[in-house]
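The values are calculated or read from the model by the stated rules, or taken from the named source; none is laboratory data. Predicted, not measured: the structure shown is a model, and the values here were computed from it. Neighbour counts are summed over all protein chains in view; Cβ atoms, including those assigned to glycine, are modelled from backbone coordinates with ideal geometry. To get the accessible areas, we keep the full protein, side chains included, count just its heavy atoms, and leave off ligands, DNA and RNA. Shrake-Rupley method; radii C 1.70, N 1.55, O 1.52, S 1.80 Å.
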Amino acid sequence: MLLVALVAVAPYLVTLGYGFVYDDGPIIADNAVLHTPAGLLSAWHVAYWPPEWGRAGLFRPVVQFLYALLWNAGGGAPWLFHLYAVALYAACAIAVLVVLTRALPGWAALLGALLFAAHPLHVESVANVAGSAEVAAALASIACLLVLERAFAQASSGEAIGAAVGAAIGWKPALASAVLFTLALGAKESA
């Protein structure tokens, strides 16, 4: 896990010195709605794109709440937002490793997670803080799947092979998975 986290973090340490880039401007830096403590509540009912940028029809209250929280905690310091994006990405890379270890031999799982962690496709999702909505949605989705996988494994343990197909899970993992999936959808609608 440590190796995967280090590979995920290393290329993005330089971003801690960046300012706000690309969509970070209108979504975070110029979005006054999120810049006050009241923004922690406003995040749950305002559109993702500020009205002056047009109607995109996007609603991402989870990440907007996190942006409001970070803004209010750090006074709008860009490094804090970039630290959040890098840490979130490291957590997601570790989650990918956990998923892969359930399906592959250890060496293959590690190789797959390292490929995920180092893949240049993720640059925009980490270096551009607004892009971290994708990472937040992925992390919450993976957590949802892990909760369900564990619940179904427990529900079918001790039963005949193939019993998991019709096995019922308890209300606690069902509720936990519903909350995690709701968080994923609230981070980015494509979850």
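The long axis of helix 171-187 is offset from the longest Cα principal axis of the chain by roughly 30 degrees. Atom-type composition of the exposed protein surface of the chain places 72 percent of the accessible area on carbon and sulfur (1.4 angstrom probe).
Computed extension length for residue 152-residue 123: 6.9 nm, one decimal, from 0.36 nm per residue of separation with the Cα-Cα distance subtracted.
For the chain, the Cβ-based charge dipole about the Cα centre amounts to some 380 debye (Lys, Arg positive; Asp, Glu negative; other atoms uncharged). Residue 172 contributes an accessible area of around 140 Å² to the protein surface, as traced by a 1.4 Å probe with all chains present.
Taking the charge dipole of the chain about its Cα centre, with +1 at Lys and Arg Cβ atoms and -1 at Asp and Glu Cβ atoms, the residue from 109, 7, 64 reaching farthest to the positive side is 109. Think of a 1.4 Å ball rolled over the protein heavy atoms: the chain then has 53 Å² of accessible area per residue. Residues whose amide H falls under 5 Å from that of residue 49, counting only those 5 or more places apart or on a different chain, are 56, 58, with hydrogens built in the peptide plane. Model label sites at residue 59 and residue 104, defined 7 Å from Cα along the beta-carbon direction, differ in position by 3.7 nm. Judged by the mean number of other Cβ atoms found within 10 Å, the most tightly packed of the peptides 107-116, 129-138, 12-21 leads the ranking 129-138, 107-116, 12-21. Using the Karplus relation 6.51 cos²θ - 1.76 cosθ + 1.60 with θ = phi - 60°, the per-residue 3J(HN,Hα) values for segment 22-27 come to 6, 5, 4, x, x, 7 Hz, with x marking Gly and Pro.
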